[in-house]
Amino acid sequence: MACRLEEKGADSICIKDMANLLLPYDAYSLVKKLKEKVGVPIHLHTHNTAGTGDMTNLMAIQAGVDIVDCALSPMANGTANPSTESLVATLKGTEYDTGIDMNVLSEAAAHFRKVATKMKEEGTLDPKVLNVDGNTLLYQVPGGMLSNLISQLKQANAEDKYYEVLAEVPKVREDFGFPPLVTPTSQIVGTQAVLNVLMGRYKMISKESKGLLRGEYGKLPGKVNEEVRKMAIGDDKVIDVRPADLIEPELEKYRQETKGIAKCEEDVLSYALFPQVAQKFFDVRDGRAQAEAPKAAPKADSNGVRTLYIEDLS
């Protein structure tokens, strides 16, 4: 696949390990083989959900990877990327020395430590996602998906079902033909797992799950559970071609609709993707309207005093 991507003009190849399932020795083997076959830079993006992210990065570096992703320590590890400072210190004085000043990183980390503390107090950064969980290697759930699952269960007042949902995810994924757990298919599988645990297995099937099983998101890589597909879409025909080929060309229509408003092709595409948001943006940009006032969200401090925190949207 990497060779095909390079032939099509890719500037780099990124290995996206969103669930931290790529183990260190596998990373070494994969990167080494890729470096032998393709000439473009190889980029590795892993997390530290299973606690192996630092080792995976290090082994990939020894195999010749060109780029790895990290996060400053206050926001690192768990479902985030491995720590920047740890890797910079590890590589210092070696042939892979990054040249990054640890003192500068320390200053930046001091700022984000306060941000992380505030987010934890507000509940927007759940401590669950910062911990290492070896069950990740069993459940194969990526970090962004974990955060969404926790949020969904909180809304349903069912946080006690967390591990039941995690155990359900690989079952749903298998039923759905092993779609990759990356947005949007990760959220489709995760939401269906939550519904299965809370409502009973496939008693309620989301619109997106039906679309996935109908083939609206493309060809599924594995064998689909036909019994589940029948429950979801009945006798509907499964799409076996590129789904976009079934849509009439629309670009010219959007060019006409944005005539006199769009200043470039990107404006037309923005309108095609997000018509309402794009129209508001064009109106503000071109002076036909004023930007909406910043939203204010009431917060309560430890004494119960409600304070307005203004969110600066600029």
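The values are calculated or read from the model by the stated rules, or taken from the named source; none is laboratory data. Owing to the predicted nature of the structure, the values given are computational and were not obtained by experimental measurement. Counting neighbours? That spans all protein chains shown, and the Cβs are built from the backbone with ideal geometry, glycine included. Side chains included, ligands, DNA and RNA excluded: accessible areas come from the protein's heavy atoms. Shrake-Rupley method; radii C 1.70, N 1.55, O 1.52, S 1.80 Å.
Please work out whether the range 102-257 counts as rounded, prolate or oblate from its C-alpha gyration tensor, where a ≥ b ≥ c are the square roots of the eigenvalues and a/c under 1.5 means rounded, while otherwise a/b larger than b/c means prolate and anything else oblate?
Note, shape of the range 102-257 comes out oblate.
Please figure out what share of the DSSP beta bridges in the chain is antiparallel and state it in percent, rounded to the nearest 5.
Of all bridge pairs located within the chain, approximately 45 percent are antiparallel.
Over the range 39-88, what percent of the accessible surface lies on carbon and sulfur atoms, probe 1.4 Å?
Carbon plus sulfur share of accessible area: 59 percent.
Please give the calculated 222 nm ellipticity per residue for the chain, where each DSSP H segment of at least 4 residues contributes -39500 (n - 2.57) and the sum is spread over every residue; nearest 500 deg cm²/dmol?
Computed ellipticity for the chain at 222 nm equals -14000 deg cm²/dmol.
So, by mean Cβ neighbours within 10 angstrom, what's the order for 241-251, 260-270 with the highest one leading?
260-270, 241-251
With the cut-off at 1.5 for a/c, could you classify the range 92-141 from its C-alpha gyration tensor as rounded, prolate or oblate?
Judged from the Cα gyration tensor, the range 92-141 comes out oblate (a/c at least 1.5, b/c at or above a/b).
What does the charge count near residue 139 come to, summing +1 for each Lys or Arg and -1 for each Asp or Glu among other residues with Cβ under 12 Å from its Cβ?
-1
How much length, in nm to one decimal, is gained on full extension between residue 198 and residue 171, taken as 0.36 nm per residue of separation minus their Cα-Cα distance?
Result: 8.2 nm gained on full extension.
Decide, for the range 62-107, between rounded, prolate and oblate: order the square roots of the alpha carbon gyration tensor eigenvalues as a ≥ b ≥ c, take rounded if a/c falls under 1.5, and otherwise choose prolate if a/b is larger than b/c, else oblate.
Note, shape of the range 62-107 comes out oblate.
Which net charge results when you count Lys and Arg as +1 and Asp and Glu as -1 among the other residues whose beta-carbon is under 12 Å from that of residue 98?
-3
Beyond 19 Å between alpha-carbons counts as too far, so tell me which of 171/203; 207/230; 8/223; 161/203; 8/35; 32/223 fall in that bin.
Listed pairs above 19 Å: 8/223; 32/223.
Let me see the pair-distance distribution of the range 52-166: every alpha carbon pair, 5 Å bin width, integer percents in order.
2, 10, 18, 19, 17, 14, 10, 6, 3, 1, 0
Can you list the HN-Hα couplings for the range 275-287, worked out from phi with the Karplus curve (6.51, -1.76, 1.60; θ = phi - 60°), rounded to whole Hz and with x for Gly and Pro?
Computed from phi, the couplings for the range 275-287 are x, 6, 5, 5, 4, 5, 4, 4, 4, 6, 4, 9, x Hz.
State the label only: which of (1) 131; (2) 153; (3) 201 corresponds to volume of the Cα convex hull per residue in Å³ computed from the shown model?
(3)
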